[in-house]
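The structure under discussion appears below in the form of structure tokens.
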Amino acid sequence: MTERDDVDGIVEQWRRERPGMRPEPMAVFGRIYRLARLVGDEQERTYARWSISRGEFDVLAALRRAGAPYTLAPKALTASLMLTSGGMTGRLDRLERAGLVRRAPDPADRRGLQVTLTPAGLDLVEEAAEAGLAVQRRLLDALPAEDQRRLADLLRTLLGAVTDGGR
């Protein structure tokens, strides 16, 4: 049994104040929210070394994962990162001003654009991805490798249930 945390206190308060409520899901989601926030803040500090935000890193990483020539349409980026088109435009504007991406007309679609990593963007995302993974590895090392795999499997199952509408 691990040490009690603030989430345990919150769940107990609800049990005390509303005995019929059944607040057990708060024990899971409260911790997921807190972990996401804490890890996100740490990732943000890591990427700040390259003068980019976590959101900007996500754009660069999506382009890098696309493989050479590291090009995607803004619409594909928006869908991949679950952003609004306005949110994506802001990120692309900042990254383009920094010389990390380039926007150009899509030769296959006169109305479309393509976003491509520049050589500087490719170098930056390679370094920043390694640094971000090092942070995640360090934090996950609190769990044995088998527990890390089990946690990933459980979260995959839960995410699938949520994204499939609970079917």
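The values are calculated or read from the model by the stated rules, or taken from the named source; none is laboratory data. Fair warning: this is a prediction, and the values are worked out from it, not measured in the lab. Using ideal geometry, Cβ is built from the backbone for each residue, glycine included, and neighbour counts are taken over all protein chains shown. The area values use the complete protein model at the heavy-atom level, side chains included, leaving out ligands, DNA and RNA. Shrake-Rupley method; radii C 1.70, N 1.55, O 1.52, S 1.80 Å.
Among the conditions (1) within 17 Å of the chain's Cα centre (by Cα); (2) more than 30 Å from T2 (Cα to Cα); (3) at pLDDT below 95, D164 misses just one, which is (1). The helices (runs of 4 or more DSSP H) located wholly in region 1-88 that include 2 or more residues which are acidic (D, E) occupy 6-17, 24-48, 54-65.
Restricting region 111-125 to residues that are in a helix (DSSP H, G or I) and open to solvent by 70 Å² or more (accessible area, probe 1.4 Å), which is farthest from E44 (Cα to Cα)? Only one residue tops the list, namely P119. Beta carbons closer than 8 Å, at least 6 apart along the sequence or on distinct chains, pair a first residue in region 155-167 that is under 15 Å from V28 (Cβ atoms) with a second that is modelled with pLDDT under 90 and in a loop (DSSP other than H, G, I, E, B) for A161/R167.
Going through (1) of a type in the set (S, T, N, Q); (2) modelled with pLDDT of 95 or more; (3) in contact with a Leu (Cβ under 9 Å, 6 or more places away or on another chain) one by one, S80 falls short only on (2).
Taking the numbered list (1) open to solvent by 60 Å² or more (accessible area, probe 1.4 Å); (2) more than 14 Å from the chain's Cα centre (by Cα); (3) more than 30 Å from L113 (Cβ to Cβ) in turn, R49 passes all entries but (3).
Restricting to region 100-110, and then to whatever is under 23 Å from the mean Cα position of the chain (by Cα) and open to solvent by less than 50 Å² (accessible area, probe 1.4 Å), can you tell me which residue is farthest from L72 (Cα to Cα)? Among those residues, the one meeting the criterion is L100.
Hey, any hits in region 20-40 for a residue that's out of contact with any Lys or Arg (no Cβ under 8 Å at 6 or more places or on another chain), in contact (Cβ under 8 Å) with a residue 60 or more places away in the chain and of a type in the set (K, R)? Looking for residues that are out of contact with any Lys or Arg (no Cβ under 8 Å at 6 or more places or on another chain), in contact (Cβ under 8 Å) with a residue 60 or more places away in the chain and of a type in the set (K, R), one finds none in region 20-40, hence no.
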